[in-house]
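Working notes for the structure below.
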Amino acid sequence: MSFQAYLDNIQEKTGKSPEDFKNMATAKGFLHDGELTVKATEITNWLKADFELGHGHAMAIFSLLKGKTA
């Protein structure tokens with residue numbers, strides 16, 4: 001599955017866009033000036049708990065937050 005397919009599936013499941021996840025991560029203090037301030041585990045735990053994402057999909061959002069583009 002391509003990175004973009006992961007992002008599309010996440011948006012379909014959660015109703016949240018990649019930009020929404022960036023904004024939520026910033027509000028939670030996980031991003032500061034566009035840079036991650038936490039490790040992958042903290043991001044994946046948040047996404048699994050709050051959005052019921054699987055590990056692969058949570059890691060796609062982590063990659064997005066690290067700066068990967070579709």
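Every read-out reported here was derived from the displayed coordinates using simple, explicitly stated rules and does not represent laboratory data. Computed from a predicted model, the values in this text were never measured in an experiment. Cβ sites come from the backbone with ideal geometry, for glycine too, and all protein chains shown count toward neighbours.
Key figures for this structure:
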| item | result |
| --- | --- |
| Kirkwood Rh, Cα atoms: Rg over Rh of the chain | 0.91 |
| Unit charges on C-beta of K, R, D, E only; dipole of the chain, Debye | 160 debye |
| Using alpha-carbon coordinates, inclination of helix 18-27 to the longest axis of the chain, degrees | 30 degrees |
| Residue pairs, from the table Lys13/Lys68; Lys16/Lys39; Lys39/Lys66; Lys13/Lys39; Lys13/Lys48, whose Cα atoms sit over 18 Å apart | Lys13/Lys68; Lys16/Lys39; Lys13/Lys39 |
| Helix-only [θ]222 nm of the chain, DSSP H runs n ≥ 4, -39500 (n - 2.57) each, per residue, nearest 500 | -20000 deg cm²/dmol |
